[in-house]
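Some notes on the structure that comes next.
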Amino acid sequence: MLPILFGSAVALAIILERFWSLRVKRIIPVNVVGQIKRHSGEGGLAPSHLRTLANSSPMGRILAAGLAQGGVSRADIRAAMEEVAGQEVHQLERFLSALGTIAALSPLLGLLGTVVGMIEVFTALMLHGSGNTALLAGGISKALITTAAGLCVAIPAMFFHRFFLRRVDDIAVQMEGEATKLLDWMTQTEAVGEEG
């Protein structure tokens with residue numbers, strides 16, 4: 001039971017931390033590309049603007065990487081943003097493998113507890129005979145409690161593991177959309193500058 005209880009505490013901590021960390025408004029601030037366009041129109045993006053953008057959010061780091069590549073080809077800008085995006089998505093997935101491991105191991109630990117409990121029941125049968133039903137029932141119920149505890153930890157852990165993986169995928173798609181908006185704007189601005 002102790003490993004199951006420890007796993008449940010760790011799983012709960014991960015779930016609460018991921019709910020806090022995977023808030024879309026924290027990762028992708030509202031209208032971040034529009035703010036970049038506004039700053040650019042007010043006299044250009046200074047290095048201080050890029051630093052502020054990079055420190056503001058994961059999306060800001062991706063866009064700052066693209067803006068820092070200004071003046072190069074679209075493919076180079078996209079490659080710079082994709083490199084940073086890969087690192088940011090990796091950070092978004094932090095602790096999810098541990099949550100998945102807890103979800104997979106908890107039922108096995110419960111089953112192990114049941115097997116150990118059943119061994120104790122059969123040992124009691126061998127030593128005391130089958131006349132003491134209270135001893136047998138107590139041993140069997142103790143054995144089954146570990147399986148129930150393992151499942152009670154595994155089911156929510158598995159649910160939230162899949163829930164957070166899906167949320168990370170959704171956030172990654174939104175981040176790609178914002179990066180594409182910036183990339184389109186940058187290449188359009190450069191094309192207009194070349195024509196002028």
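Here, each number is a calculation from the coordinates, and none is a lab measurement. Just so it is clear, the model here is predicted, and its values are computed rather than measured. Note that each Cβ is placed from the backbone with ideal geometry, even for glycine, and that neighbours are counted across all protein chains shown.
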Response to the item:
When the charge dipole of the chain is computed with +1 on Lys and Arg Cβ and -1 on Asp and Glu Cβ about the Cα centre, the Cα farthest towards its positive end, among PRO58, VAL168, GLY150, belongs to GLY150
Item to complete: For n ≥ 4 DSSP H runs only, could you compute -39500 (n - 2.57) per run for the chain, divide by its residues and tell me the 222 nm figure to the nearest 500?
Response: -30000 deg cm²/dmol
Fill in: Percent RCO, i.e. relative contact order, over the chain, from Cα pairs under 8 Å lying at least 6 residues apart
28 percent
Item to complete: Filter the DSSP H helices in the chain by two things, a Kyte-Doolittle mean of at least 0.0 and an axial alpha-carbon span of 20 angstrom or more, and list the hits by number.
Response: 2-21, 96-128, 133-195
Worksheet, complete the sentence: Toy charge model, Lys and Arg Cβ at +1, Asp and Glu Cβ at -1: the stretch 2-195 dipole around Cα centroid in debye, rounded to 20, equals 660 debye
Worksheet, complete the sentence: PRE zone check, label point 7 Å out along Cα-to-Cβ of THR187, amide N under 11 Å, scope the stretch 46-75, hits 73-75
Item to complete: Run down the lysines and flag those whose C-alpha is under 18 Å from the C-alpha of LYS37, throwing out any fewer than 8 positions away in its chain.
Response: LYS181
Discussion item. If I take R0 = 45 Å and measure r between the Cβ atoms of ALA124 and GLN174 in this structure, what FRET efficiency does the formula 1/(1 + (r/R0)^6) give, to the nearest 0.05?
Written reply: 0.15
Worksheet, complete the sentence: When the charge dipole of the chain is computed with +1 on Lys and Arg Cβ and -1 on Asp and Glu Cβ about the Cα centre, the Cα farthest towards its positive end, among TRP20, GLN91, HIS39, belongs to TRP20
Item to complete: Report the full-extension gain for the segment ARG162 to ALA137: residue separation times 0.36 nm, less the Cα-Cα distance, to one decimal in nm.
Response: 5.2 nm
